[in-house]
Amino acid sequence: RRIAEADSVAVIGLGRFGTSLARELMAAGTEVLGIDRDEDLVQALNGELTQVVRADATKEEVLRQLAVDEFDRVVIAIGHDVTASILAASLLIQLQVPVIWAKAVDDQHGRILEQLGVHHVIYPEKDMGRRVAHLVRGAAMDYL
Ligand code: ATP
(Lines give C-alpha, C1' and ligand atoms only; values in the text may rest on other atoms or scores of the structure.)
Protein backbone atom coordinates (compact mmCIF):
# COMPACT_ATOMS: atom_id res chain seq x y z
CA ARG A 1 0.00 0.00 0.00
CA ARG A 2 1.25 3.43 -0.85
CA ILE A 3 0.85 5.97 1.89
CA ALA A 4 2.44 8.92 0.15
CA GLU A 5 -0.74 10.97 0.02
CA ALA A 6 -1.66 13.82 2.33
CA ASP A 7 -0.03 13.94 5.73
CA SER A 8 2.69 11.34 5.54
CA VAL A 9 6.37 11.15 6.34
CA ALA A 10 9.02 8.57 5.48
CA VAL A 11 11.54 7.95 8.26
CA ILE A 12 14.80 6.33 7.18
CA GLY A 13 16.67 4.69 10.06
CA LEU A 14 14.78 3.42 13.07
CA GLY A 15 17.42 3.71 15.79
CA ARG A 16 16.57 5.46 19.06
CA PHE A 17 16.09 8.81 17.35
CA GLY A 18 14.17 7.58 14.30
CA THR A 19 11.91 5.33 16.38
CA SER A 20 11.06 8.11 18.80
CA LEU A 21 10.37 10.48 15.91
CA ALA A 22 8.23 7.95 14.04
CA ARG A 23 6.16 7.17 17.16
CA GLU A 24 5.58 10.84 17.89
CA LEU A 25 4.45 11.48 14.30
CA MET A 26 2.04 8.53 14.51
CA ALA A 27 0.64 9.83 17.80
CA ALA A 28 0.03 13.17 16.10
CA GLY A 29 -1.99 11.48 13.35
CA THR A 30 0.64 11.46 10.62
CA GLU A 31 1.05 8.40 8.44
CA VAL A 32 4.57 7.04 8.74
CA LEU A 33 6.62 4.76 6.53
CA GLY A 34 9.60 3.49 8.52
CA ILE A 35 12.63 2.02 6.77
CA ASP A 36 15.59 0.24 8.37
CA ARG A 37 18.04 -2.39 7.20
CA ASP A 38 17.91 -4.12 10.60
CA GLU A 39 15.32 -6.90 10.64
CA ASP A 40 14.96 -6.86 14.45
CA LEU A 41 14.09 -3.15 14.53
CA VAL A 42 11.60 -3.60 11.71
CA GLN A 43 9.97 -6.52 13.57
CA ALA A 44 9.84 -4.53 16.79
CA LEU A 45 7.97 -1.65 15.15
CA ASN A 46 5.72 -3.74 12.94
CA GLY A 47 2.10 -2.78 13.52
CA GLU A 48 3.05 0.42 15.34
CA LEU A 49 3.72 2.48 12.23
CA THR A 50 1.55 2.71 9.11
CA GLN A 51 4.17 0.68 7.27
CA VAL A 52 7.59 -0.67 8.25
CA VAL A 53 9.98 -2.08 5.70
CA ARG A 54 13.38 -3.72 5.93
CA ALA A 55 15.47 -2.19 3.18
CA ASP A 56 18.78 -0.52 2.39
CA ALA A 57 18.07 3.18 1.86
CA THR A 58 21.32 3.72 -0.03
CA LYS A 59 19.92 1.89 -3.06
CA GLU A 60 18.03 3.94 -5.63
CA GLU A 61 15.79 1.08 -6.79
CA VAL A 62 14.76 0.48 -3.16
CA LEU A 63 13.74 4.11 -2.66
CA ARG A 64 11.84 4.09 -5.95
CA GLN A 65 10.07 0.83 -5.13
CA LEU A 66 8.93 2.25 -1.80
CA ALA A 67 7.75 5.39 -3.62
CA VAL A 68 9.82 7.50 -1.24
CA ASP A 69 10.03 10.11 -4.00
CA GLU A 70 6.25 10.60 -3.67
CA PHE A 71 6.51 11.68 -0.05
CA ASP A 72 6.51 15.40 0.62
CA ARG A 73 8.70 14.95 3.65
CA VAL A 74 11.46 12.47 4.34
CA VAL A 75 13.63 12.30 7.46
CA ILE A 76 17.07 10.66 7.34
CA ALA A 77 17.52 9.45 10.89
CA ILE A 78 20.80 7.64 10.25
CA GLY A 79 23.58 9.02 12.39
CA HIS A 80 26.83 7.26 12.92
CA ASP A 81 26.91 5.52 9.57
CA VAL A 82 27.81 8.81 7.88
CA THR A 83 28.37 7.16 4.51
CA ALA A 84 24.87 5.68 4.49
CA SER A 85 23.41 9.03 5.58
CA ILE A 86 25.15 10.89 2.78
CA LEU A 87 24.29 8.30 0.12
CA ALA A 88 20.62 8.37 1.14
CA ALA A 89 20.61 12.18 1.14
CA SER A 90 22.17 12.33 -2.31
CA LEU A 91 19.56 9.92 -3.71
CA LEU A 92 16.62 11.75 -2.12
CA ILE A 93 17.82 15.02 -3.62
CA GLN A 94 18.23 13.37 -7.00
CA LEU A 95 14.68 12.00 -6.67
CA GLN A 96 13.53 15.56 -5.94
CA VAL A 97 11.86 14.92 -2.60
CA PRO A 98 10.45 18.38 -1.75
CA VAL A 99 11.42 18.51 1.93
CA ILE A 100 14.29 16.52 3.38
CA TRP A 101 15.32 16.55 7.03
CA ALA A 102 18.48 14.84 8.21
CA LYS A 103 20.21 14.35 11.50
CA ALA A 104 23.93 15.05 11.73
CA VAL A 105 26.28 13.60 14.33
CA ASP A 106 28.75 16.48 14.11
CA ASP A 107 29.49 19.72 12.23
CA GLN A 108 31.41 18.04 9.39
CA HIS A 109 28.56 15.64 8.73
CA GLY A 110 26.09 18.53 8.89
CA ARG A 111 28.12 20.63 6.48
CA ILE A 112 28.16 17.85 3.88
CA LEU A 113 24.40 17.36 4.21
CA GLU A 114 23.88 21.09 3.73
CA GLN A 115 26.23 21.18 0.74
CA LEU A 116 24.24 18.36 -0.85
CA GLY A 117 21.09 20.45 -0.48
CA VAL A 118 19.33 18.83 2.48
CA HIS A 119 16.71 21.37 3.54
CA HIS A 120 16.83 20.94 7.31
CA VAL A 121 19.87 19.62 9.16
CA ILE A 122 19.43 18.90 12.84
CA TYR A 123 21.97 18.12 15.55
CA PRO A 124 20.09 16.18 18.27
CA GLU A 125 23.00 15.60 20.68
CA LYS A 126 24.28 19.16 20.42
CA ASP A 127 20.80 20.66 20.79
CA MET A 128 19.91 18.40 23.70
CA GLY A 129 23.19 19.29 25.44
CA ARG A 130 22.33 22.98 25.17
CA ARG A 131 18.79 22.37 26.35
CA VAL A 132 19.92 20.33 29.34
CA ALA A 133 22.45 23.05 30.24
CA HIS A 134 19.51 25.42 30.68
CA LEU A 135 17.66 22.84 32.77
CA VAL A 136 20.73 22.26 34.95
CA ARG A 137 21.19 26.00 35.40
CA GLY A 138 17.50 26.35 36.21
CA ALA A 139 17.69 23.55 38.75
CA ALA A 140 20.76 25.20 40.32
CA MET A 141 18.76 28.44 40.65
CA ASP A 142 16.27 26.55 42.86
CA TYR A 143 18.99 26.14 45.50
CA LEU A 144 20.22 29.75 45.47
P1 ATP B 1 20.38 6.40 17.27
O2 ATP B 1 21.21 7.34 18.06
O3 ATP B 1 19.13 7.02 16.72
O4 ATP B 1 20.08 5.09 17.94
P5 ATP B 1 22.67 6.33 15.54
O6 ATP B 1 22.93 7.77 15.57
O7 ATP B 1 23.58 5.42 16.30
O8 ATP B 1 21.18 6.01 15.97
P9 ATP B 1 22.92 4.69 13.26
O10 ATP B 1 23.08 3.51 14.17
O11 ATP B 1 23.97 4.99 12.31
O12 ATP B 1 22.60 5.98 14.04
O13 ATP B 1 21.58 4.51 12.43
C14 ATP B 1 20.31 4.48 12.97
C15 ATP B 1 19.52 3.41 12.25
O16 ATP B 1 19.66 3.54 10.85
C17 ATP B 1 19.97 2.00 12.61
O18 ATP B 1 18.86 1.28 13.11
C19 ATP B 1 20.47 1.42 11.30
O20 ATP B 1 20.13 0.05 11.13
C21 ATP B 1 19.76 2.27 10.26
N22 ATP B 1 20.49 2.34 9.00
C23 ATP B 1 21.80 2.61 8.84
N24 ATP B 1 22.13 2.55 7.55
C25 ATP B 1 20.99 2.24 6.87
C26 ATP B 1 20.67 2.02 5.50
N27 ATP B 1 21.60 2.10 4.54
N28 ATP B 1 19.39 1.71 5.16
C29 ATP B 1 18.45 1.60 6.12
N30 ATP B 1 18.68 1.80 7.42
C31 ATP B 1 19.93 2.11 7.80
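In table form, for the structure just shown:
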read-out: The chain: projected area of the alpha-carbon convex hull, averaged over directions, in nm²; value: 9.8
read-out: Prolate/oblate/rounded call for the stretch 1-65, Cα gyration tensor, a/c under 1.5 rounded; value: oblate
read-out: Accessible area of M26 in the full protein assembly, 1.4 Å probe (Å², nearest 10); value: 60
read-out: Rel. contact order, % - alpha carbon contacts under 8 angstrom, at least six apart, the chain; value: 19
read-out: Spin-label model distance (nm) - D72 vs D40, 7 Å beyond Cα toward Cβ; value: 3.7
read-out: Nonlocal amide H pairs with V53, under 5 Å, H built at 1.01 Å; value: G34, I35, D36
read-out: Fraction of accessible area attributable to carbon and sulfur, the chain (%, probe 1.4 Å); value: 51
read-out: Estimated vicinal HN-Hα couplings, Hz - the stretch 72-78 in sequence order (Karplus 6.51, -1.76, 1.60; Gly, Pro = x); value: 6, 10, 10, 10, 8, 9, 9
read-out: For the stretch 90-140: accessible area per residue (Å², 1.4 Å); value: 64
read-out: Phi-based couplings in Hz for the stretch 115-124 (Karplus 6.51, -1.76, 1.60; Gly and Pro marked x); value: 4, 5, x, 4, 6, 9, 10, 10, 10, x
read-out: Euclidean distance of C-alpha centroids, the stretch 16-56 and the stretch 65-126, integer Å; value: 17
read-out: V136, V121, reordered so the largest accessible area comes first (probe 1.4 Å); value: V136, V121
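The values are calculated or read from the model by the stated rules, or taken from the named source; none is laboratory data. Being a predicted model, the structure only gives us computed values, none of them experimental. All Cβ positions, glycine included, derive from the backbone under ideal geometry; neighbour counts span all protein chains shown. Just the protein is used for accessible areas: all its heavy atoms, side chains included, with ligands, DNA and RNA removed. Shrake-Rupley method; radii C 1.70, N 1.55, O 1.52, S 1.80 Å.
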